[in-house]
Amino acid sequence: MEFQSIVILDFGSQYTQLIARRIRQLKVYSVIVSFRVSYDEIKNYKPAGIILSGGPASVYAPGAPKLDSTILSCGLPILGICYGMQLIAYCEKGNIVRSGSREYGRTVIDICAKGDLLGNIPAGGTVWMSHGDRIDKIPENYIITARSDNALCAFENPQRKIYGLQFHPEVHHTQYGTEILSNFIFRICGISPGWSMPSFIDTKIREIREQTGGKAVVLGLSGGVDSTVLAVLLHKAIGDQLTAVFVDNGLLRLNEGSLIKERFARHFQMNIKYIDAGKNFLKRLKKITDPEKKRLIIGDEFVKVFFSAVPEFDFLAQGTLYPDVIESVSVKGPSDKIKTHHNRVKRILDLKSRGMIIEPFQELFKDEVREIGRLLDVPEEIIQRHPFPGPGLAVRILGEITPERVNILQRADHIVIDEIKNAGLYNKIWQAFGVLLPVKAVGVMGDERTYADVLAIRAVESVDGMTADWVKLPYELLETFSRRIIGEIKEINRVVYDICSKPPGTIEWE
Ligand code: XMP
């Protein structure tokens, strides 16, 4: 890695990714890694400082995530936020107690000592708290630098450059949050701003060339934003060493296969293999209704089809993003797995352990990949595409998947996208799609009774796919969906709109 970074150890806070973003916005590179990662691995990221994120646990709780003790003595500046601060106190023999009441939301802080971290921060600022425990005895050689009426808010050990904040500087509602993070990364860690997307691209190109050294690289191309931007980046780095493979699994959107072929021929001159394997996938999915089984079968079949199309290769590249790996690095661990993402099936994990996987975007979010795409002149019609899940329509056909049901959903989904575009909303929302439900409803058409399928429509707003809210679409548009879908697709006689956010729902239904 070319540039120095700030490494964020993730202890499971919902705000961890916000810390990374804030730092990148300050033009410094930052990476999120699991708290389980050893200090030796952390060194690969050339850290100039380490941030310990917040987290939902209580430090004394059984099984609570702990800190590798070499980290506190590694000599690098360390900033612990919320749970991260309590861990510092715990490791350094301070004391933490359960608060009588949990403290969430705005608090005013008083700066009580002009330390390095808060020295230039005006007193009386509003900060955002979200904690149940509090520190009641600070470790030796630490000084308290901020307090609120209820709690100790900041401490530091300036000699060892270790700092703790009980509040969250990364959230928008904390006044001077950016200034506090700037103090840590610039004044204390001494890193200079200079990281930017163009420098990220240059570094990744150099790294890819060094890593692959003239050997063969294959890439699974889906035609979506991530794999397309990655294909263009790889092609720029290694030219014809790259072979992109597009597998039509029979579960794609209407006419997707021919659209991708036409687009890629028009815009890019790279080696691409197109494989039509729809029948294989549908055969294996026959009578399968369990969502996780569907995902595993599709992941497995994909790997089979893919590897028989490219039996010889040295590296496999994937457009994996941070949200795709978060479950495998998160403190929750595999027992809390929500969904198996297609790029984390067993065969891929085996290749990963042998150093054969290239994932240049694995710390990034979709909007950052879109920014890279624009810098690489990827056409806007590809950059703006809505995300589409690896297992495709299989996770949007609830219950059994048959060729007929795939076709029904393709036609209905096409109308949803068409009308979202007509309303000028396609580029303004994260994702919109149809979901075919495993129930039938009674209706009346003309004078005849109908007994037909039900389609749910989902449209969500999101910044990164980690959390999402349903879009308050105009009633007129909802009405158009219903009129067109029921009018044009005889297999559907009822249309409903999904009004669930994420959490508690997920974006896809399976
Ligand atoms: P969920 O349903 O987990 O989806 O809220 C979050 C975002 O990820 C997409 N998604 C996937 N993307 N492989 C992918 O590449 C997958 O297996 C997968 N499952 C969900 C989903 O469309 C949404 O944008």
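State all residues of the stretch 253-273 that are free of Cβ contacts under 8 Å to residues at least 40 places away in the same chain and among the charged types (D, E, K, R); if no residue qualifies, say none. Correct list: GLU256, LYS261, GLU262, ARG266, LYS273.
Is there a residue being in contact with a Ser or Thr (Cβ under 6 Å, 6 or more places away or on another chain), assigned to a loop (DSSP other than H, G, I, E, B) and in contact (Cβ under 8 Å) with a residue 40 or more places away in the chain anywhere in the stretch 421-435?
Yes, some residue in the stretch 421-435 is in contact with a Ser or Thr (Cβ under 6 Å, 6 or more places away or on another chain), assigned to a loop (DSSP other than H, G, I, E, B) and in contact (Cβ under 8 Å) with a residue 40 or more places away in the chain.
One line per residue, one yes/no per condition, for (1) closer than 25 Å to ARG405 by Cβ; (2) touching a Pro at 6+ places or on another chain (Cβ under 9 Å):
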{"position": "ASN255", "(1), (2)": "yes, no"}
{"position": "PHE268", "(1), (2)": "no, no"}
{"position": "ARG284", "(1), (2)": "yes, no"}
{"position": "THR289", "(1), (2)": "yes, yes"}
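Screening the candidates ILE78, ILE19, ILE8 for the property of being at pLDDT 90 or above and either of a type in the set (Gly, Ala, Ser) or closer than 17 Å to GLY190 by Cβ (or both) yields one hit, ILE78.
Taken together, VAL444, VAL463 contain a single residue that is farther than 23 Å from ILE298 by Cβ, of a type in the set (Val, Ile, Thr) and either assigned to a loop (DSSP other than H, G, I, E, B) or assigned by TED's automatic domain parsing to the domain that holds LEU364 (or both), which is VAL463. Just one of the listed residues (GLN410, GLN431) is more than 16 Å from the ligand (Cβ to nearest atom) and closer than 27 Å to ASP324 by Cβ, namely GLN410. Please indicate, with yes or no, whether at least one residue in the stretch 290-299 is at pLDDT 95 or above and among the basic types (Lys, Arg). The answer is yes, given that some residue of the stretch 290-299 is at pLDDT 95 or above and among the basic types (Lys, Arg). The residues of the stretch 340-376 that are aliphatic (A, V, I, L, M) and assigned to a helix (DSSP H, G or I), listed by number, are ILE348, LEU349, LEU351, VAL369, ILE372, LEU375.
Consider the stretch 223-259 and keep the residues that are of a type in the set (Ser, Thr, Tyr) and under 12 Å from ILE272 (Cβ atoms). The one that is surrounded by the fewest Cβ atoms within 10 Å (Cβ to Cβ) is THR243. Counting the residues of the stretch 464-492 that are β-branched (Val, Ile, Thr) and within 30 Å of LEU18 (Cβ to Cβ) gives 2.
For the stretch 438-463, the candidate set comprises residues that are buried (at least 19 other Cβ atoms within 10 Å of the Cβ) and over 15 Å from PRO389 (Cβ atoms); within that set, the residue that is nearest to the ligand (Cβ to nearest atom) is ALA459. Taking the listed residues GLY124, GLY80, the one that is touching a residue at least 60 places away in the same chain (Cβ under 8 Å) and not acidic (Asp, Glu) is GLY80, with no other qualifying. Restricting the first member to the stretch 487-510 and to residues that are away from the ligand (no atom under 16 Å from the Cβ), and the second to residues that are of a type in the set (D, E, K, R), the beta-carbon pairs closer than 7 Å and six or more apart or on different chains are ILE489/ARG411; GLU491/ASP453; ILE492/ASP453.
The values are calculated or read from the model by the stated rules, or taken from the named source; none is laboratory data. Computed from a predicted structure; not experimentally measured. Cβ: placed from backbone, ideal geometry, glycine included. Neighbour counts: every protein chain shown.
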